[in-house]
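**Q** Pasting a structure below so you can have a look.
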Amino acid sequence: MKALLTTDSGIAIALDKDEPLVSHRDISIALGIEPRSMMQLIKDYLCDFQELGVVRFQNAKPPKGTDGGRPERIAYLNEDQSFLALTYSRNTPKAREAKVRLVKAFKAAREQLAQRTAQYLPLHHSAHSKAHLIALKAKQDGSKAGETVFHSNMERLINKVFGIEVNSRHTLSAQQCATVSMAYAIYDECSGYVLANDLPANDAYGLAKLRIEQLAAMMSIKQVGVA
């Protein structure tokens, strides 16, 4: 689970596979109540919350300034579950203010996700289409490698150059997604060049690797291995 953004409302939104979530701790802070009270409410009415989706529970380090070193149990709620929690709380001015803040926070998260998807996916699809054509050319050149190798090599290259851990793309910030999108554009262009000039298929990877590493160096991004 990773924080996606902190909106103008001051509520942090977490992201789990493109689903915006908010922690029970942040809801309780917005309501001006103790986090343990909100956690107890969730436990008391867990069946109700689960009708609106899975409640994600996760251990986290205790907040700074608190006593003890035991991990704190965090409940992450989706948008519907969050408003259910507020509905079950007393309808105080603080609760009404929290509802407005949550509306703004989830709206901002949806807008950012939509922007990332519009920017990221077209270049992702285009690059993988080129990888398909490169795989076909490699086969014509006598390669015995399966097509999946060409797709996975491209993804591993991007992860390695930009230090992205495996299966963590959904946690990338908007800026990181933009950088990955540029890498896809580079692979797309290099593959197109190789195909147009009937060069060896392997040249696509070598040329893309060189240019993506140049992009990383230009942006002063430290290169680390993939976990």
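**Q** Quick one: accessible area per residue over segment 59-169, 1.4 Å probe, rounded to a whole number of Å²?
**A** 61 Å²
**Q** Between D18 and A60, what is 0.36 nm times their sequence separation minus the Cα-Cα distance? Round to one decimal in nm.
**A** 13.0 nm
**Q** If you don't mind, there's one more thing I want to ask. Leaving out ligands, DNA and RNA, and with a 1.4 Å probe, what % of the accessible surface on the chain is carbon or sulfur? Display every interim value, and only then the final one.
**A** Numbers: 6830 of 13000 Å².
Result for the chain: 53 percent of the exposed heavy-atom area is carbon or sulfur.
**Q** To the nearest 10 Å², what's H125's accessible area with a 1.4 Å probe?
**A** So the heavy atoms of H125 present about 110 Å² to solvent.
**Q** Let me ask something else about it. From the Cα gyration tensor of segment 105-161, with a ≥ b ≥ c the square roots of its eigenvalues, which class applies: rounded if a/c is under 1.5, or else prolate if a/b is larger than b/c, or else oblate? It would help to have the intermediate numbers written out before the result.
**A** Working: a/c = 4.87, a/b = 2.85, b/c = 1.71.
Because a/c hits 1.5 or more and a/b exceeds b/c, segment 105-161 counts as prolate.
**Q** Provide, for q = 0.16 Å⁻¹, the log10 of I(q)/I(0) from a solvent-free Debye sum over equal Cα point scatterers in the chain.
**A** So the normalised log intensities work out to -1.03.
**Q** Return the inverse of the average 1/r over all pairs of distinct C-alpha atoms in segment 41-156, which is the Kirkwood hydrodynamic radius, in Å to one decimal. Don't skip to the end; give the middle numbers.
**A** Working: mean 1/r = 0.0525 Å⁻¹.
That comes to 19.0 Å for segment 41-156.
**Q** Please give the helix 93-140 orientation as an angle from the longest Cα principal axis of the chain, in degrees from 0 to 90, rounded to the nearest 10.
**A** Long axis of 93-140 versus the principal axis of the chain: about 20 degrees.
**Q** Then there is this: Between the helical axis of 35-44 and the dominant principal axis of the chain, each derived from Cα atoms, what acute angle in degrees is found, rounded to the nearest 10?
**A** The answer is roughly 90 degrees.
**Q** Continuing with this model, one more query. Where does segment 98-227 land on Rg/Rh, using Cα atoms and the Kirkwood Rh? All intermediate terms of the calculation are to be shown ahead of the outcome.
**A** Values: Rg = 17.1 Å, Rh = 15.9 Å.
Ratio of gyration radius to Kirkwood radius for segment 98-227: 1.08.
**Q** From largest accessible area down, sort R211, R90; use a 1.4 Å probe on the protein chains.
**A** Details: R211 80, R90 190 Å².
Solvent-accessible surface, decreasing: R90, R211.
**Q** Work out how much length S129 to Q115 would gain on full extension: take 0.36 nm times their residue separation and subtract the Cα-Cα distance, in nm to one decimal. Present the calculation step by step, with values, prior to reporting the outcome.
**A** Values: separation 14, 0.36 × 14 = 5.04 nm, distance 2.22 nm.
That pair, S129 and Q115, stretches by 2.8 nm at full extension.
The values are calculated or read from the model by the stated rules, or taken from the named source; none is laboratory data. Note that this is a predicted model, so its numbers are computed, not measured. To get the accessible areas, we keep the full protein, side chains included, count just its heavy atoms, and leave off ligands, DNA and RNA. Shrake-Rupley method; radii C 1.70, N 1.55, O 1.52, S 1.80 Å.
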